[in-house]
Amino acid sequence: MALNAAHDPEIRDALVNNAHRAIKYGSQSFSAASQLFENDTRERAWLLYAWCRRCDDIADNQVLGGVLGDQSDLNARLALIRRLTGLAFEGKPTGDPAFDSLGVVAQECGLTQAMAEDVIAGFALDAEDWRPRTEQDMMRYCYHVAGAVGVMMAVIMGVDPEDTDTLDRACDLGLAFQLSNIARDIVEDDAVGRCYLPTMWLVEQDIEPGQHTKPHHREELAEMTARLVELVEKHEAAARVGAARLPFRSRWAVLCAARIYGAIGRKVRARRTEAWNSRTYVPRWEKALYGVRAFLSAVINREKHPDGPITWGIKDFRPDAA
């Protein structure tokens, strides 16, 4: 039986409302930025977010990003994600509103199962207790958990799936987001046994395995964080150039989100060794200020390309996309 949510206003509205609740609870920054979209784009962004949030929860065996559950049966959990995602792309009911939401937005915008599989690969890395050895490994992780989502978001905003350069700029935004998250959450991640800093970076700083968050290594941690934020700023600037090709409201939303997440990374860098004594965040008044600045930037629409080449792009993580 086909899922007709895209053509049944009541079913679609229920899915949108469920997705809205998910994003309000799961990401205040994304929720705030999404308000700048036109209505159709905003609802589709919520629908995509609901699927991402639900996949993450299944992969980590948690509820709305809460405490991690039993991490056994990883393969069964990933198989469930792939089975429900497959049903969604076939337009069939999944029994789960978040996956039905993906089916709706895929039908409306032309998202592909290959795009979704790139995101699922990131959940698999997390669930496998994976560790990056090199910077490229770290960036590959960032691509799967955030850059690939940026690609799907770009298609939702009307970018042609064949426009690889603009999709790369959308990927840049996701990379910048995730790098900021890594910088902010180093100690929180360590508390649950995860580390997204490349092993080679730790070796260069002469840090013993598993000791990078100890007080006597805070100076080295601050140096590595500054290195992360350099990457954030390069990819953030590249994303802003890509945003110039979007419709005005989408451009405004992307520029606002880029400013907010870039600010997180810069605040962590500025706090140096104190950065992990309390959670770094952007207060509401500051988000509002970034919204105003993003509006002006969206009107002027003359973003400057970052200096030097952009090191990492989709082709580095999915060669067949080149």
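The values are calculated or read from the model by the stated rules, or taken from the named source; none is laboratory data. A quick note: this is a predicted structure, and the numbers were derived from the prediction, not measured. Cβ sites come from the backbone with ideal geometry, for glycine too, and all protein chains shown count toward neighbours. Protein only, heavy atoms only, side chains kept; ligands, DNA and RNA dropped before computing areas. Shrake-Rupley method; radii C 1.70, N 1.55, O 1.52, S 1.80 Å.
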**Message:** Any residue in the range 107-133 that is modelled with pLDDT of 90 or more sitting within a Cβ distance under 9 Å of a residue that is open to solvent by 40 Å² or more (accessible area, probe 1.4 Å) and among the hydroxyl-bearing types (Ser, Thr, Tyr)? List the pairs, counting only those 6 or more apart or interchain.
**Reply:** 132/199; 133/199
**Asked** Mind checking which pairs have a first residue in the range 298-318 that is open to solvent by less than 100 Å² (accessible area, probe 1.4 Å) and a second that is among the charged types (D, E, K, R), Cβ under 6 Å, 6 or more apart or different chains?
**Response** 298/251; 303/240; 306/234; 313/168; 314/168; 317/140
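Looking at this structure, is residue 213 open to solvent by less than 50 Å² (accessible area, probe 1.4 Å), out of contact with any Asp or Glu (no Cβ under 8 Å at 6 or more places or on another chain) and more than 25 Å from residue 169 (Cα to Cα)?
Details: open to solvent by less than 50 Å² (accessible area, probe 1.4 Å): yes; out of contact with any Asp or Glu (no Cβ under 8 Å at 6 or more places or on another chain): no; more than 25 Å from residue 169 (Cα to Cα): yes.
Against the criterion (open to solvent by less than 50 Å² (accessible area, probe 1.4 Å), out of contact with any Asp or Glu (no Cβ under 8 Å at 6 or more places or on another chain) and more than 25 Å from residue 169 (Cα to Cα)), residue 213 does not qualify.
Residue-by-condition table, conditions (1) part of a loop (DSSP other than H, G, I, E, B); (2) of a type in the set (A, V, I, L, M, F, W, C); (3) at pLDDT 80 or above; (4) open to solvent by 70 Å² or more (accessible area, probe 1.4 Å):
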| residue | (1), (2), (3), (4) |
| --- | --- |
| 1 | yes, yes, no, yes |
| 5 | yes, yes, no, no |
| 17 | no, no, yes, yes |
| 32 | no, yes, no, no |
| 41 | no, no, yes, no |
**Prompt:** Within the bounds of the range 269-278, is there any residue that is open to solvent by 50 Å² or more (accessible area, probe 1.4 Å), basic (Lys, Arg) and free of Cβ contacts under 8 Å to residues at least 12 places away in the same chain?
**Reply:** yes
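Applying the selection to the range 151-163, what residues are closer than 15 Å to residue 315 by Cβ and in contact with a Gly (Cβ under 9 Å, 6 or more places away or on another chain)?
From the range 151-163, those closer than 15 Å to residue 315 by Cβ are 151, 162-163; that's our starting set.
Across the range 151-163, the qualifying residue is only 151.
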**Asked** Residues in the range 76-92 that are open to solvent by 60 Å² or more (accessible area, probe 1.4 Å) and assigned to a loop (DSSP other than H, G, I, E, B): how many?
**Response** 2
